[in-house]
Amino acid sequence: MRTLALLLAAAAGLSAQSPRVSIETGFGLILVELEPSKAPETVENFLKYVDKGMYDGGAFHRTVKMDNQPANKIKIEVVQGGINPSKRVDELPPIPLERTSKTGLKHVDGVISMARSGPNSATSDFFICIGDQPSLDYGGQRNPDGQGFAAFGRVVQGMDVVRKIQAAPAEGQTLKPPVRIIKAWRVQ
């Protein structure tokens, strides 16, 4: 009976594991762990893009550092990536904004979140936080609407790669050249 209980517990642990995605870049590998129990729609959306291979050939195209946002009163530090430009025609419809006030996730160092222009406008672009960025949470002042952004996971390996991307040559906030996403895939 005890063996059966251990097997059931092990099986439950395997099925409850959070999905992980490897993002191979021109600068190295980034491993992210996703939070489907907290941000289910955002995780599902991201995984659809991963599973369809739409990030393969994409790029990290934006770096936001303390010294390249002179017009912003509230400063942040992130890198932003997106799908292969040739696959934009297959981009999925925007998803509802899963606010941090509902998910309980916060924009801390290494968090992955969806880029957006307005509420319910996120599609495929994502960003990774460098350092804690509370102004990106619900009620934060980075976006004038105060709705924040949809955090949905965190980097568990490769923050050194994220920091290299952030420090890469840029014109303003545009990485020149962009840092290529070679491939993104589920590892569990």
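Could you please let me know if PHE127 is assigned to a strand (DSSP E or B), among the aromatic types (Phe, Trp, Tyr), closer than 17 Å to ALA59 by Cα and at pLDDT 95 or above?
Values: assigned to a strand (DSSP E or B): yes; among the aromatic types (Phe, Trp, Tyr): yes; closer than 17 Å to ALA59 by Cα: yes; at pLDDT 95 or above: yes.
So PHE127 passes the test.
When you check ASP137 against the structure, is it of a type in the set (Asp, Glu) and touching a Ser or Thr at 6+ places or on another chain (Cβ under 7 Å), yes or no?
yes
Tell me, yes or no, whether segment 156-163 has at least one residue that is under 24 Å from PRO70 (Cβ atoms) and of a type outside the set (Val, Ile, Thr).
Step one: list which residues in segment 156-163 are under 24 Å from PRO70 (Cβ atoms), which gives 162-163.
From the residues that got through so far, the ones that are of a type outside the set (Val, Ile, Thr) too are 163.
The answer is yes, given that some residue of segment 156-163 is under 24 Å from PRO70 (Cβ atoms) and of a type outside the set (Val, Ile, Thr).
Specify the residue that is farthest from ARG154 (Cα to Cα); the eligible residues are those in segment 72-109 that are touching a strand residue (DSSP E or B) at 6+ places or on another chain (Cβ under 6 Å) and of a type in the set (A, V, I, L, M).
ILE95
Out of curiosity, is VAL64 surrounded by fewer than 19 Cβ atoms within 10 Å (Cβ to Cβ), modelled with pLDDT of 95 or more, of a type in the set (Val, Ile, Thr) and closer than 20 Å to VAL162 by Cβ?
Numbers: surrounded by fewer than 19 Cβ atoms within 10 Å (Cβ to Cβ): no; modelled with pLDDT of 95 or more: yes; of a type in the set (Val, Ile, Thr): yes; closer than 20 Å to VAL162 by Cβ: yes.
Taking the combined requirement at face value, the residue does not satisfy it.
Out of the residues in segment 101-124 that are among the hydroxyl-bearing types (Ser, Thr, Tyr), in a loop (DSSP other than H, G, I, E, B) and surrounded by fewer than 20 Cβ atoms within 10 Å (Cβ to Cβ), which is nearest to the chain's Cα centre (by Cα)? Show your work before the answer.
Let us first name the residues in segment 101-124 that are among the hydroxyl-bearing types (Ser, Thr, Tyr), namely 101, 103, 113, 117, 121, 123-124.
Now drop any that are not in a loop (DSSP other than H, G, I, E, B), which leaves 117, 121, 123-124.
Cutting the leftovers down to surrounded by fewer than 20 Cβ atoms within 10 Å (Cβ to Cβ) gives us 117, 121, 123.
Values: SER117: 15, SER121: 15, THR123: 12 Å.
Taking the candidates together, the pick is THR123.
The values are calculated or read from the model by the stated rules, or taken from the named source; none is laboratory data. All of these numbers come straight from a predicted model, not from anything done at the bench. Because the Cβ atoms are built from the backbone with ideal geometry, glycine has one as well, and the counts that use them run over all protein chains shown.
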